[in-house]
Structures are given as structure tokens and as C-alpha cells.
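Notes follow once the structure below has been shown.
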Amino acid sequence: MAKKAVTKKAIQKGYQDYLLEIGKKPETVRIFTNYLKISDDDFYKHFGSLKNIESSIWDGYFNQTLSVLSKDPDFEEMDAREKHLSFLYTLLELMKADRSYVLYKLENKKPHELPPELAQTQKIINQSEIDWAKTFQFIPEKAQNITHAAYKKVLWSHAIAMIFFWVKDDSGEAKDTDIFIEKSTRTAFDIGELPALDSIIDLSKFFLHKMGFSKATA
């Protein structure tokens, strides 16, 4: 009987299991392959190093999200705000299956303490054809490409903020994360527009309420 091929996804899942069960990264490829009961050759067919595994996991969340959206026939008919909401909700849905792993990586960190493998996902957003990144019409045309690129960074930062909020969300079915996504997306897309101040105030009230500093209704 032919030996069953070891897939990239199986190695990624095994690495997540190792972290959650052992509580630390494997020190060598051999220790990890012994844990998975695979050969070193099976490992190196997919990854050049242990470090590459985590990079591929985080890249996968973002690449899969963009792939799912590109196959949705209704996506192109959405306006910019709806597209970004779809992006965030799809990203969140893909990560839910790996919540224990995401908690392990991020639960005790702050957004400015991003693991390098998560920080590098910004390149995926920069290189992708995200046509819902805002272009400010009141800015001279020559500068619009620059602002468009900068706004892509805003959208990536917003996704990271959403992930960190979800990590700390202990509400049933992550309902508070849904509220955060809706309110913060409205704020992000009101930047440079008349409703921006109202959106910022509304989002601020929500944060104050969640942190216990205000009795304001979110």
C-alpha cells in the first residue's frame, strides 16, 4: 500500500497542536517530525524551516479570505463599506476554527506587539487588488495613489484591531466583536467625510462602555 502523502495543511495543524499541547515551539525540525510521526523529508517538501510554518498559517487566513471573496458573485456589486465588512467577517469566520491557537499567540499581547508572522501579512493587503480602499476626491489627483496605498494600510490595521478585539471578547457568540466591526467600519469609511465625528464619538462610547468607564449605551 502506498504511503499516504503528508499535506501542508496537516503540518500546519500539527504545529498548532504542538504549541497548544507542549506550550512552546519545537526546538528542532527533528523533534517536531517525531511528534507528528513523519519524516524530515515530508516536512521539507512543504517548509524550509519551522519559522515558515507560522508565517504560512497567518498568510493563509488573509489569502483564503481574499480567495473566498473573489469567488462570491455578489461581492462586486457591493459598495466599498459592504466589501470591507465582508472581508472582516470572512477573515473572522476562517479564524474561528483556530481560536485556541490565536488565543495562544495573542491573548497576552497588545496590538503594537505583533508577532512578526502576523505583521508581515500587511504585504498581502498591499499587493492585492483591494478596490474598496478609499480614495479621497478632495486630494489632488497626483497624490491619490499615495493616499490609496495609505488607506490599504488603514484597512489592514483595522483587521488587526478586529483580531485583537475578538481575542479578548468573552461575550456569547462574540456578539461584541460584531458590534465592534460594524461601528469601527463605519468610522473607517467616514474618514474625510461629514459624518466622521459622529462615527468616532459612537465608537468611543462603545469602547468606554466595554472598559467599564461609562454607562453609555453602546
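The values are calculated or read from the model by the stated rules, or taken from the named source; none is laboratory data. Values in this document were obtained by computation on a predicted structure and should not be read as measured data. All Cβ positions, even for glycine, are placed from backbone atoms using ideal geometry, and neighbour counts span all protein chains on display.
Whether any residue in region 50-65 is out of contact with any helix residue (DSSP H, G or I) (no Cβ under 8 Å at 6 or more places or on another chain), without any contact (Cβ under 8 Å) to a residue 12 or more places away in the chain and more than 21 Å from residue 120 (Cα to Cα) is what I want to check.
Looking through region 50-65, none of the residues is out of contact with any helix residue (DSSP H, G or I) (no Cβ under 8 Å at 6 or more places or on another chain), without any contact (Cβ under 8 Å) to a residue 12 or more places away in the chain and more than 21 Å from residue 120 (Cα to Cα).
Of the residues 38, 31, 22, 11, only one is in contact with a helix residue (DSSP H, G or I) (Cβ under 7 Å, 6 or more places away or on another chain), among the β-branched types (Val, Ile, Thr) and farther than 22 Å from residue 154 by Cα; which? It would help to see each step written out before you state the result.
Values: 38 fails: in contact with a helix residue (DSSP H, G or I) (Cβ under 7 Å, 6 or more places away or on another chain); 31 fails: in contact with a helix residue (DSSP H, G or I) (Cβ under 7 Å, 6 or more places away or on another chain); 22 fails: in contact with a helix residue (DSSP H, G or I) (Cβ under 7 Å, 6 or more places away or on another chain).
Result: 11 is the single residue among 38, 31, 22, 11 that is in contact with a helix residue (DSSP H, G or I) (Cβ under 7 Å, 6 or more places away or on another chain), among the β-branched types (Val, Ile, Thr) and farther than 22 Å from residue 154 by Cα.
Name the residues in region 41-51 that are part of a helix (DSSP H, G or I) and loosely packed, with under 13 Cβ neighbours inside 10 Å, would you? Write out each step before concluding.
Residues of region 41-51 part of a helix (DSSP H, G or I): 41-44, 50-51.
The answer is 41, 44, 51.
State all residues of region 9-24 that are touching a Phe, Trp or Tyr at 6+ places or on another chain (Cβ under 8 Å) and either part of a loop (DSSP other than H, G, I, E, B) or not β-branched (Val, Ile, Thr) (or both); if no residue qualifies, say none.
Across region 9-24, the qualifying residues are 14, 15, 16, 18, 19, 20.
Given the criteria among the polar types (S, T, N, Q), within 20 Å of residue 89 (Cβ to Cβ), out of contact with any strand residue (DSSP E or B) (no Cβ under 7 Å at 6 or more places or on another chain) and at pLDDT below 80, does residue 128 qualify? Don't jump to the end; show me each part of the working.
Details: among the polar types (S, T, N, Q): yes; within 20 Å of residue 89 (Cβ to Cβ): yes; out of contact with any strand residue (DSSP E or B) (no Cβ under 7 Å at 6 or more places or on another chain): yes; at pLDDT below 80: no.
It is false that residue 128 is among the polar types (S, T, N, Q), within 20 Å of residue 89 (Cβ to Cβ), out of contact with any strand residue (DSSP E or B) (no Cβ under 7 Å at 6 or more places or on another chain) and at pLDDT below 80.
With respect to residue 31, is the statement that it is outside the structural domain of residue 91 (by TED's automatic domain parsing) and outside any helix (DSSP H, G or I) true?
Details: outside the structural domain of residue 91 (by TED's automatic domain parsing): yes; outside any helix (DSSP H, G or I): no.
In short, no.
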